[in-house]
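Participant: Take this structure, written in structure tokens, and hold onto it; I'll ask about it next.
The values are calculated or read from the model by the stated rules, or taken from the named source; none is laboratory data. Source: prediction; values computed, not measured. Counting neighbours? That spans all protein chains shown, and the Cβs are built from the backbone with ideal geometry, glycine included.
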Amino acid sequence: MRFSDLNNRLQWFRNRLRVMSPGELVSRFYEASLHAVLMLRGHAVEARAAELPRQASRLPEINGQLTNVDWETRNRVLSLAVPWLNHRGRLFDDEVRLGEVIDWHRDYSTGVTAPSRYSALINHRDKSQVGNVKYVWELNRLQHLVPMILSLKWTEREDYRAETERQIESWCRDNPFMRGPNWKSPLEAALRLITWGVLSFIAGGRLVSEPDLKPEVQKAIYLQQYFIRRFHSRHSSANNHLVGEMAGLYVAATLWPILPESAGWREFAREKLIQEMDRQSEEDGVHRERAVEYQLFVSEFFLLAAALGEAVGQPFPSDFWARLSRMLGFIDSIRDRQGNFPIIGDNDNGQVIKLADSSQARTASLAGLMRTKAGEPGTGDLRQTLLLWGQKAEDLPFTPADSSDASLQSFPTGGYYVLSADRGAEDEMVVVFDAAPFGLPPLYAHAHADALSFWLSYGGREFVIDPGTYCYDWSDWRRYFRSTAAHNTIRVDGRDQAEQAGTFLWSSAVNAYLEALEDTEACAEVEAWHDGYRRLADPVVHHRRLRLFRKSRTLAIVDRLESQGRHDVEIFFHFSPKCRVAQVKNHCFLVTNGDKALLVQLDSRLQVSLEQAAISPILGWHSPTFGFKQPCATLVGRTSIAGSVPFFSEISPA
């Protein structure tokens, strides 16, 4: 190991220890001791699992919805299933060929195979030892089997059944208890259990051929529940992972009540889900990690568990459903007429059920639950059917919020504001303004340094965008995509608003605060400030006011910086890769996307440059999905200031 790598690891370890409470340190030591016991006596747990009486799944009735799927959806799912039938498919943005025999410990993107020793002894962050563990885990979620079983139902082609059974049995055989990388993360075990539950649901209660579980599969189901219950996320790590772990435990303990522990595990998971709904989501429905894709992820977990509770006569509280409804309502509010939305914060494309649909279609499906409940025609799409265990949205206790078509929507606790003009019409303008607290403390793991940034869509086309995530490696790319320079806001003295201390760790936070909010017949207006640069030797405060004029659909932006000494400042505008940006006169640029065009006017005191695909330093990149990046045009205005200085920018239809 190079000295610089060792030094970085030690620095991360010091920063990580700083955010741990005494109680968490005790818990970590207890967890380590439990690992030590399992290393010596894990065979006893396996022996008990092997003696379990065989069980059938306890599943609600499908009521025929899966046979009424439209042909477009069927064809899309079939096109996904056929390659996997032949051990080919896509993991993130890479096409993989698994070979005749699948190696469940291999990262097929790099060719590295992880060791099969006790999982706690494997450093899953060491690429030389494991490769990219995200790719290993993505394959081992087995979510590609869901399209295969759907294809079996629609085509009655027995190859799908046989291959699904072979892969499940192969996984159980090649992943002995607590051995290898697939026993590192309880979330991954939970997602596997959920996949197996959904497979059973589609197959009418069988996994996959027999009414009773095969011994090796039943053993794996029990051991993964045991693993989740013993090692679920706690303390500072209890973020979206904990929600997923409890959803998986709840689903498995409900569908396969194998032992007397099952009832206790089911109730434990249910109570944890209820607690985490309150702890991880704001009263207005914004997830506290301030990452939109993770809000989608946890919403699916909450929805899957609560819908199963309804189906088996163990309903979740009405307050739980009300908060979940607001989470889905927030997702609906930040979408434009074509379903585009800002990918605020981290995004690794995690889904509870993967059906090869676009992120816009997935989001529309979730948001559509609220519209259906409110009386609009329902889509009854495949994703909804599976997440709801065959039940109809109108029969579940959702509580729809006010219409998302309002011209100014505020989520004051979550810290987001949606300004719009002509909502839903051909020339609609939608602006999402980020004046939010930083994220879920103490790690703020999935937050970005994006205070007072905004996203803008015009006519159903994205113009001013959020950059995305690209990767979770501790690299210059990871640092860039969550940096202030990667967002549509102002950077001071070349420093981020908050300080990065690790891949999922920040050593300082930035919080934004609302100053004014006004909604009149002529315009919608919001103003906020943030405290990120108060940590400088000469503190700087950034205020930003957005005013959207409804008739002209013009967005006026006023930035005001307050300081005593002199500082260098940069203002960034990042545009969709689909946009073409051309300078038409001093400080004025024409931005076109298809048949829509905007004029962007920057303050005349700024020195303006247009950047794209820059490497040193990194600037002008967009990552719409995890593992993929592409160039985008970025306008940068630079100057130096002292005292209280305002800057004026304007975006209007051309």
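Participant: Restricting attention to strands (runs of 3 or more DSSP E) lying wholly within the stretch 490-547, give those where 2 or more residues are of a type outside the set (A, V, I, L, M, F, W, C).
Facilitator: The qualifying strands (runs of 3 or more DSSP E) are 500-502, 512-519, 523-530.
Residues checked against (1) modelled with pLDDT of 80 or more; (2) loosely packed, with under 11 Cβ neighbours inside 10 Å; (3) more than 30 Å from Gln391 (Cβ to Cβ); (4) of a type in the set (A, V, I, L, M, F, W, C):
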{"position": "Met1", "(1), (2), (3), (4)": "no, yes, yes, yes"}
{"position": "Leu6", "(1), (2), (3), (4)": "no, yes, yes, yes"}
{"position": "Arg16", "(1), (2), (3), (4)": "no, no, yes, no"}
{"position": "Ile62", "(1), (2), (3), (4)": "no, no, no, yes"}
{"position": "Ser79", "(1), (2), (3), (4)": "yes, no, no, no"}
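Participant: Still on this structure: Condition test on Leu242, is it part of a helix (DSSP H, G or I), in the same structural domain as Pro53 (by TED's automatic domain parsing) and of a type outside the set (Val, Ile, Thr)?
Facilitator: Yes, satisfied.
Participant: Sticking with this structure for a sec: Out of the stretch 78-95, which residues are out of contact with any Asp or Glu (no Cβ under 8 Å at 6 or more places or on another chain), touching a residue at least 40 places away in the same chain (Cβ under 8 Å) and farther than 12 Å from Ile149 by Cα?
Facilitator: Ser79, Asp93, Asp94
Participant: Name the residues in the stretch 508-538 that are closer than 21 Å to Arg479 by Cβ and surrounded by fewer than 15 Cβ atoms within 10 Å (Cβ to Cβ), would you?
Facilitator: Leu536, the sole residue that qualifies.
Participant: Now a separate question. Sort out which residues of the stretch 554-566 are surrounded by fewer than 19 Cβ atoms within 10 Å (Cβ to Cβ) and farther than 20 Å from Glu428 by Cα, and write them in order of number.
Facilitator: Val558, Arg560, Glu562, Gln564, Gly565, Arg566
Participant: Of these, Ser116, Ser128, which one is in a loop (DSSP other than H, G, I, E, B) and either of a type outside the set (Phe, Trp, Tyr) or loosely packed, with under 15 Cβ neighbours inside 10 Å (or both)?
Facilitator: The conditions single out Ser116.
Participant: Restricting attention to the stretch 383-409, which residues are modelled with pLDDT under 90, under 25 Å from the mean Cα position of the chain (by Cα) and under 14 Å from Val430 (Cβ atoms)?
Facilitator: Ser404, Asp405
Participant: Please name all residue pairs, on different chains or six or more residues apart, with Cβ atoms under 9 Å, provided the first residue is in the stretch 17-39 and is within 23 Å of Tyr226 (Cα to Cα) and the second residue is assigned to a helix (DSSP H, G or I) and among the hydroxyl-bearing types (Ser, Thr, Tyr).
Facilitator: From the stretch 17-39, the pairs are Glu24/Ser236; Glu24/Ser237; His35/Ser119.
Participant: Tell me, please, whether a residue that is of a type outside the set (A, V, I, L, M, F, W, C) and touching a residue at least 60 places away in the same chain (Cβ under 8 Å) can be found in the stretch 597-615.
Facilitator: No: the stretch 597-615 contains no residue that is of a type outside the set (A, V, I, L, M, F, W, C) and touching a residue at least 60 places away in the same chain (Cβ under 8 Å).
Participant: Hey, any hits in the stretch 86-99 for a residue that's buried (at least 16 other Cβ atoms within 10 Å of the Cβ), at pLDDT below 80, within 30 Å of Ala253 (Cα to Cα) and not assigned by TED's automatic domain parsing to the domain that holds Ala445?
Facilitator: Checking the stretch 86-99: not a single residue is buried (at least 16 other Cβ atoms within 10 Å of the Cβ), at pLDDT below 80, within 30 Å of Ala253 (Cα to Cα) and not assigned by TED's automatic domain parsing to the domain that holds Ala445.
Participant: Quick one: which residue in Gly309, Gly248, Gly285 is at positive phi, touching a Lys or Arg at 6+ places or on another chain (Cβ under 9 Å) and either among the acidic types (Asp, Glu) or modelled with pLDDT of 95 or more (or both)?
Facilitator: After ruling out the rest, the residue left standing is Gly285.
Participant: Where residues in the stretch 591-647 are outside any strand (DSSP E or B) and at positive phi, which of them is farthest from the chain's Cα centre (by Cα)?
Facilitator: Among them, the one singled out is Gly594.
Participant: Residues that are surrounded by fewer than 21 Cβ atoms within 10 Å (Cβ to Cβ): find the strands (runs of 3 or more DSSP E) completely inside the stretch 396-454 holding 1 or more of those.
Facilitator: Output list reads 408-411.
Participant: Moving on to the next point. Take Gly502 and tell me if it is crowded, with 16+ Cβ neighbours inside 10 Å and at pLDDT below 95.
Facilitator: Here the answer is yes, as Gly502 does meet what is asked.
Participant: Pairs, please: C-beta under 9 Å, at least 6 apart or cross-chain, first residue closer than 11 Å to Gln129 by Cα and without any contact (Cβ under 8 Å) to a residue 12 or more places away in the chain and in the stretch 104-116, second of a type in the set (A, V, I, L, M) and loosely packed, with under 15 Cβ neighbours inside 10 Å?
Facilitator: Matching pairs, first to second residue: none at all.
Participant: Taking Glu210 as the residue in question, decide whether it is of a type in the set (Asp, Glu), over 20 Å from Trp389 (Cα atoms), modelled with pLDDT under 95 and outside any helix (DSSP H, G or I).
Facilitator: So Glu210 fits the description; yes.
Participant: Still on this model: Among the residues of the stretch 510-534, what is the count of those that are under 24 Å from Gly414 (Cβ atoms) and either of a type outside the set (A, V, I, L, M) or without any contact (Cβ under 8 Å) to a residue 12 or more places away in the chain (or both)?
Facilitator: 15
Participant: Turning to a different aspect of this structure: Could you check how many residues of the stretch 463-481 are in contact with an Asp or Glu (Cβ under 8 Å, 6 or more places away or on another chain) and buried (at least 24 other Cβ atoms within 10 Å of the Cβ)?
Facilitator: Residues that pass the stated criteria total 2.
Participant: As an exercise: evaluate Ala263 against (1) without any contact (Cβ under 8 Å) to a residue 60 or more places away in the chain; (2) out of contact with any helix residue (DSSP H, G or I) (no Cβ under 6 Å at 6 or more places or on another chain); (3) within 30 Å of Val510 (Cβ to Cβ) and give the number of the one condition it does not meet.
Facilitator: (3)
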